[in-house]
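Notes for the one structure printed next.
The values are calculated or read from the model by the stated rules, or taken from the named source; none is laboratory data. A quick note: this is a predicted structure, and the numbers were derived from the prediction, not measured. Here the Cβ positions follow ideal geometry from the backbone for every residue, glycine too, while neighbour counts run over all protein chains shown. The area values use the complete protein model at the heavy-atom level, side chains included, leaving out ligands, DNA and RNA. Shrake-Rupley method; radii C 1.70, N 1.55, O 1.52, S 1.80 Å.
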Amino acid sequence: MYAVIGGTGLAELDGLEVINRHQMVTPWGEPSAPIVEARLEGKVVLFLARHGQPHRFPPHRVNYRANLWALRDLGATSIIAVNAVGGIDPAMGPTHINIPDQLIDYSHGRAGTYFEDDLEHVTHIDFSYPYDEKLREELIRHTSALTQNFSGKGVYGCTQGPRLETVAEIRRMSQDGCHIVGMTGMPEAALAREIDLAYACIALVVNPAAGVSDQVITMDEINEAIENGMGMVKRIVRSLIVA
Ligand code: HPA
C-alpha cells in the first residue's frame, strides 16, 4: 500500500474518500498528525501531513521516526515523499519538479535511526542509493506523462533549517553536486530504509536557492510557486496511486 507524506503546501490530497483517521502512538512517540486512511478511485492509500495539521512542526522538530513507524504499522509498503525545495541548479526554477536519485545530508542533531538502544548487534544499512529505484521509475513515468517541466534525477541537499541558507552555503552545496535544497529529506529517507519501506521523493521547486537569482527569498514567492506547482504534483501522485 502507498503512503504519501505531504510537505509544505500539501496538507491534504483532494478527492480522497476518508475511511478512517488513525491517531497513532508508537514506541518513538506520536506522528505529526493523525494518519488519514482513504480510498482514491477504489485504491486504499495513507496520507500524513509531515509538519502536522495545522502546519506546526519545523523541519528539525518533525518526529520522523514516529511518522514512518506508524505508516508501516498501518500497512504502508511504499512511501511517496512530497517536498518543497529551493532550486540550486539554475535550470530548476520555481514549479520545476525533481525526482532525486541521490542526497547529501547537512542536517544535524536529529533522531536519525531506529538502531540506537538495546541492540544485540550494531546495524549499518546500505544507503548507497537512498531512494527506491522502482518507485522512482514509477514516479518518473507518471510525471513525464503529465509535464515536461521535470528532471528524473538530481542530488537533494538536506539542510537543518528552519532558516534558509546563505549564498556561500548554497555555493558550497552546488560545488558538492547538489541540485536542490530542502530541510526534510533526512533522516526520513534513511529511516524508511531501516524499516524496509520503499521510499522515493517528488520535490517541487518553490524558489531559486540563495544567490541563484539576485533577489532575496520571500515567503510570498514561495507561496506563489506552491500555488502554481502543487496542483501538478497532486495530479502525478494521484495518477501513480490509481494506476
Ligand atoms: N532552502 C531550504 N529549504 C527550502 C528552500 C530553500 O531555499 N525552499 C523550500 N525549502
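Residues in the stretch 70-79 that are within 22 Å of Cys158 (Cα to Cα) and surrounded by fewer than 23 Cβ atoms within 10 Å (Cβ to Cβ): Ser78 alone. Here Gly211 meets the list (1) more than 11 Å from the ligand (Cβ to nearest atom); (2) at positive phi; (3) surrounded by 16 or more Cβ atoms within 10 Å (Cβ to Cβ) almost entirely, failing just condition (1).
Could you go through the stretch 93-101 and let me know if any residue there is part of a loop (DSSP other than H, G, I, E, B), open to solvent by 30 Å² or more (accessible area, probe 1.4 Å), touching a residue at least 12 places away in the same chain (Cβ under 8 Å) and within 12 Å of the ligand (Cβ to nearest atom). Looking for residues that are part of a loop (DSSP other than H, G, I, E, B), open to solvent by 30 Å² or more (accessible area, probe 1.4 Å), touching a residue at least 12 places away in the same chain (Cβ under 8 Å) and within 12 Å of the ligand (Cβ to nearest atom), one finds at least one in the stretch 93-101, hence yes. Residue count for the stretch 152-201 satisfying the condition of being of a type in the set (S, T, N, Q) and in contact (Cβ under 8 Å) with a residue 60 or more places away in the chain: 3. Could you tell me which residue of the stretch 9-50 is nearest to Glu227 (Cα to Cα), considering only residues that are in contact (Cβ under 8 Å) with a residue 60 or more places away in the chain and open to solvent by 50 Å² or more (accessible area, probe 1.4 Å)? Looking at residues that are in contact (Cβ under 8 Å) with a residue 60 or more places away in the chain and open to solvent by 50 Å² or more (accessible area, probe 1.4 Å), I get Asp14.
Let's see how each residue does on (1) closer than 24 Å to Leu10 by Cα; (2) among the hydrophobic types (A, V, I, L, M, F, W, C); (3) open to solvent by less than 50 Å² (accessible area, probe 1.4 Å):
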| site | (1), (2), (3) |
| --- | --- |
| Lys134 | yes, no, no |
| Ala145 | yes, yes, no |
| Gln148 | yes, no, no |
| Gly157 | yes, no, yes |
| Gly177 | no, no, yes |
| Met183 | yes, yes, yes |
| Glu221 | yes, no, no |
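Evaluating Asp89 against the criteria (1) of a type in the set (D, E, K, R); (2) part of a helix (DSSP H, G or I); (3) within 13 Å of the ligand (Cβ to nearest atom) leaves one unmet condition, (2).
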